[in-house]
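**Q** The structure is given below, and queries will be raised subsequently.
The values are calculated or read from the model by the stated rules, or taken from the named source; none is laboratory data. Predicted model only: the values in this text are computed from it and were never measured. Neighbour counts run over all protein chains shown; Cβ positions are idealised from the backbone, glycine included.
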């Protein structure tokens with residue numbers, strides 16, 4: 001299916017291939033993708049809640065908790081925790097029938113491998129069943145290497161509690177300002193949801209106050225699935241993980257793409273994000289990660305550059 005948002009971004013970028021982006025992705029799960037999925041212990045998901053706000057969240061489990069069950073079905077043996085912004089979306093009875101539009105990202109920081117799965121999800125007991133519409137791999141650019149070196153005791157998100165506000169606290173602003181990785185969820189009704197990875201050197205996300213962020217869009221695979229969705233619907237969700245504590249910072253708001261990168265090194269454009277709500281969940285991810293090395297593709301970050 002042609003995605004008019006992606007097509008518009010591609011035209012402005014000089015991409016002339018009609019089969020690029022969503023049109024290139026296929027719904028079937030290749031065997032190699034199925035093997036990769038079975039090896040993962042964390043899946044990032046993106047979806048819109050009942051009010052239309054878009055959120056990104058993380059689901060975790062032992063290797064094999066996410067697996068293919070047929071050429072167009074993925075079963076995920078986990079649900080969003082009770083403090084998660086998407087918890088209500090998959091309560092008993094929710095998502096029946098065709099299910100909710102969902103984007104999924106399986107990412108393995110240790111090897112810089114990732115794959116995306118977009119489709120429709122419904123709850124089936126204590127798991128999600130996803131009917132796939134798009135399955136495809138991404139390049140390893142801008143992924144920092146990390147290894148799982150430990151795990152917390154008890155269920156994810158139960159020990160740390162949660163807080164919600166319309167603005168970012170000074171501590172949350174500092175967290176974002178030193179981040180080298182985050183995840184972005186977007187959705188266009190009828191065209192589906194998507195969740196993607198964004199990475200760079202610490203400081204590549206600029207905090208411009210308690211409700212505004214700016215980040216550079218670096219050169220990628222020319223599919224423009226995130227930017228294509230934002231072309232048609234500016235609602236967006238971001239997820240920042242604290243890799244040492246397992247805490248999660250979920251942001252929902254609106255993103256505006258600016259074609260002029262303003263001299264930011266390596267940037268093709270900038271994205272300005274305005275926060276509508278911030279939800280912090282303690283211990284949302286049970287794993288503890290040890291940092292390895294930064295991607296050699298990360299452009300330099302100039303302190304004070306806000307575009």
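**Q** Using the structure shown, decide if residue 136 is surrounded by fewer than 22 Cβ atoms within 10 Å (Cβ to Cβ), over 22 Å from residue 50 (Cα atoms) and modelled with pLDDT under 95.
**A** When the stated conditions are applied, residue 136 passes them.
**Q** Looking only at segment 192-206, decide whether some residue is crowded, with 21+ Cβ neighbours inside 10 Å and modelled with pLDDT under 95.
**A** The answer is yes, given that some residue of segment 192-206 is crowded, with 21+ Cβ neighbours inside 10 Å and modelled with pLDDT under 95.
**Q** Can you name the residue in segment 37-88 that is in contact with a strand residue (DSSP E or B) (Cβ under 6 Å, 6 or more places away or on another chain) and assigned to a helix (DSSP H, G or I) and is also nearest to residue 166 (Cα to Cα) among such residues?
**A** This residue is 37.
**Q** Something else now. On the given criteria, is residue 49 more than 27 Å from residue 291 (Cα to Cα), in contact with a helix residue (DSSP H, G or I) (Cβ under 6 Å, 6 or more places away or on another chain) and surrounded by fewer than 17 Cβ atoms within 10 Å (Cβ to Cβ)?
**A** Yes, satisfied.
**Q** If you check residue 271 against the conditions, is it outside any loop (DSSP other than H, G, I, E, B), under 18 Å from the mean Cα position of the chain (by Cα) and over 22 Å from residue 171 (Cβ atoms)?
**A** Criteria met by residue 271.
**Q** When you go through 251, 239, 227 one by one, which is the residue that is in a helix (DSSP H, G or I) and under 15 Å from residue 54 (Cβ atoms)?
**A** Selected residue: 227, the only one of 251, 239, 227 that is in a helix (DSSP H, G or I) and under 15 Å from residue 54 (Cβ atoms).
**Q** Turning to a different aspect of this structure: Check off (1) surrounded by fewer than 22 Cβ atoms within 10 Å (Cβ to Cβ); (2) modelled with pLDDT under 95; (3) within 21 Å of residue 239 (Cα to Cα) for residue 78 and give me the number that stays unchecked.
**A** It is condition (2) that residue 78 fails.
**Q** Still on this structure: Just give me the residues in segment 274-307 being assigned to a loop (DSSP other than H, G, I, E, B), closer than 18 Å to residue 201 by Cα and within 20 Å of the chain's Cα centre (by Cα), in sequence order.
**A** Within segment 274-307, 294, 295, 297, 298 meet the criteria.
Every residue, every condition in (1) within 28 Å of residue 69 (Cβ to Cβ); (2) out of contact with any strand residue (DSSP E or B) (no Cβ under 6 Å at 6 or more places or on another chain), yes or no:
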{"site": "115", "(1), (2)": "yes, no"}
{"site": "133", "(1), (2)": "yes, no"}
{"site": "141", "(1), (2)": "no, yes"}
{"site": "161", "(1), (2)": "no, yes"}
{"site": "185", "(1), (2)": "yes, no"}
{"site": "191", "(1), (2)": "yes, yes"}
